[in-house]
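**Q** Provided herewith is a single structure, encoded as structure tokens, for subsequent inquiry.
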Amino acid sequence: MSQKIVVIRGDGIGPEIVDATVRIMDAAGAGLSYEYVDAGLAAYNKTGELLPADTLEAIARHRVALKGPLTTPVGEGFSSINVELRKRFDLYANVRPAHSLPNTKARYSDVDLITVRENTEGAYRSEGQTLSADGEVAQSIMQITRRGSERIVRHGFELARRLGRKRVAIIHKANILKTTSGLFLRVAREVGKEFDDLQISELIVDNACMQLVMDPSRFDMLITTNLFGDIVSDLVAGLVGGLGVAPGANIGADAAIFEAVHGSAPDIAGQGLANPTALLLAACMMLDHLGKAEIASKIRQAIHATYLAKDRLTPDLGGNGSTQSFAQAIIDQLG
Ligand SMILES: NC(=O)c1ccc[n+]([C@@H]2O[C@H](COP(=O)([O-])OP(=O)(O)OC[C@H]3O[C@@H](n4cnc5c(N)ncnc54)[C@H](O)[C@@H]3O)[C@@H](O)[C@H]2O)c1
């Protein structure tokens, strides 16, 4: 019986890149079946709800989802459905690999590193936010817990061990944020004692950013808190050619949602211009998660070969292919 996963096609370029990704997974023999559900604007337009109960039930039932990007209005309107999904399913680990691909605008050709970001607490809890009546003073609560820190550093260390990555850097700002970042660092040191096969280092976040830009090959894996992880992982994505090639996984104990790091790109939606690589690499992470590492590896090799051959690349990569012709080029490389 084929394994069923949930698919959310999403907003903007979402449907185009999701359809291309599903086509490639099927051609690679992933043997999955799909339950399509809606979230975000697509769901709102059909049902009047941004996150319908059917969508939540499907994710709870199948435990694995592939999600296209969802549009969130800036500064007004509804809150991010992405953040809501992470909260509902307690998806505490945000794993973002960055791997150089040939013929991109990448600054380095030898980057291969993973950022593991805490996804549920820190500066993004969005609780206790106040603005004084005169609009002059804003406040927000930043909360770090021992439990939240322990489970993310453990997830990162175990992932490093599983993938054979030796150098793990804990990124913090405990010199200034002595209580919050201090607790995270203390817990990382304690848990790190159980992983004496790893070379664990500590870097202050501003220094880490400078070191990453100077020489990213020094790093195998970064583990950090929510806000720093959000910023540092985009910086790293920039080193390998930008958001078009950056995948991400949101993992919890009971569910996992795989997505591209980029958004719904309304400026190019519906024109067949979107690059499906980021979502396709997220699908490869999903296939690894489902125990289908061989299929994932076959797709990654086909992506690499397509970039190397500059075959039907999308316009963001300097080519004149379309989302679907680029997907076909990858399928042709599957062999
Ligand atoms: N995980 C998510 O669902 C997610 C993540 C980020 C932003 N968003 C949402 O997406 C919407 C648009 O956000 P934005 O414009 O700031 O960022 P964006 O990532 O959608 O787009 C930024 C730029 O990159 C380009 N781009 C992005 N993905 C591309 C792709 N696959 N191929 C080619 N070009 C691509 C876009 O055309 C645009 O010029 C907002 O509503 C935002 O809230 C969603």
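The values are calculated or read from the model by the stated rules, or taken from the named source; none is laboratory data. Please read all numbers here as calculations on a predicted model, not as lab measurements. In this analysis, Cβ positions are derived from the backbone assuming ideal geometry, glycine residues included, and neighbour counts consider all displayed protein chains.
**Q** From ASP267, ASP234, grab the single residue that is closer than 17 Å to GLU16 by Cα and within 16 Å of the ligand (Cβ to nearest atom).
**A** Going through ASP267, ASP234 in turn, just one is closer than 17 Å to GLU16 by Cα and within 16 Å of the ligand (Cβ to nearest atom): ASP267.
**Q** Let me spell it out: the conditions are (1) over 30 Å from ASP112 (Cα atoms); (2) touching a residue at least 60 places away in the same chain (Cβ under 8 Å), and LYS178 meets all of them except one. Which number is the exception?
**A** All conditions pass for LYS178, except number (2).
**Q** Same structure, new question: Is it the case, given these coordinates, that ASP288 is modelled with pLDDT of 95 or more, surrounded by fewer than 21 Cβ atoms within 10 Å (Cβ to Cβ) and closer than 27 Å to GLY40 by Cβ?
**A** It is true that ASP288 is modelled with pLDDT of 95 or more, surrounded by fewer than 21 Cβ atoms within 10 Å (Cβ to Cβ) and closer than 27 Å to GLY40 by Cβ.
**Q** Within segment 108-139, which residues are in contact with a Ser or Thr (Cβ under 9 Å, 6 or more places away or on another chain), in a loop (DSSP other than H, G, I, E, B) and within 23 Å of LEU239 (Cβ to Cβ)?
**A** Result: TYR108, SER109, ASP110, VAL111.
**Q** State whether the residues of segment 45-62 include one that is within 16 Å of the ligand (Cβ to nearest atom), out of contact with any Lys or Arg (no Cβ under 9 Å at 6 or more places or on another chain) and small (Gly, Ala, Ser). Break it down into steps so the answer makes sense when it comes.
**A** Here is the first cut: in segment 45-62, the residues within 16 Å of the ligand (Cβ to nearest atom) are 45, 50-51, 55, 59.
Filter once more, so that each one left must be out of contact with any Lys or Arg (no Cβ under 9 Å at 6 or more places or on another chain): 45, 50, 55.
Remaining after also requiring small (Gly, Ala, Ser): none.
Checked against the condition, which is being within 16 Å of the ligand (Cβ to nearest atom), out of contact with any Lys or Arg (no Cβ under 9 Å at 6 or more places or on another chain) and small (Gly, Ala, Ser), segment 45-62 yields no hits at all.
**Q** Moving to a separate point now. Conditions: (1) at pLDDT 95 or above; (2) under 23 Å from the mean Cα position of the chain (by Cα). ARG218 meets all but one. Number of the miss?
**A** Every listed condition holds for ARG218 apart from (1).
**Q** Helices (runs of 4 or more DSSP H) wholly in segment 1-88 with at least 2 residues that are of a type in the set (S, T, N, Q) - which ones? Explain how you work it out, then say what you get.
**A** On the way: elements: 14-27, 41-47, 53-62, 81-88.
Hits in segment 1-88: 41-47.
**Q** While we're on this one: Got at least one residue in segment 278-298 being within 14 Å of the ligand (Cβ to nearest atom), in a loop (DSSP other than H, G, I, E, B) and assigned by TED's automatic domain parsing to the domain that holds SER33?
**A** no
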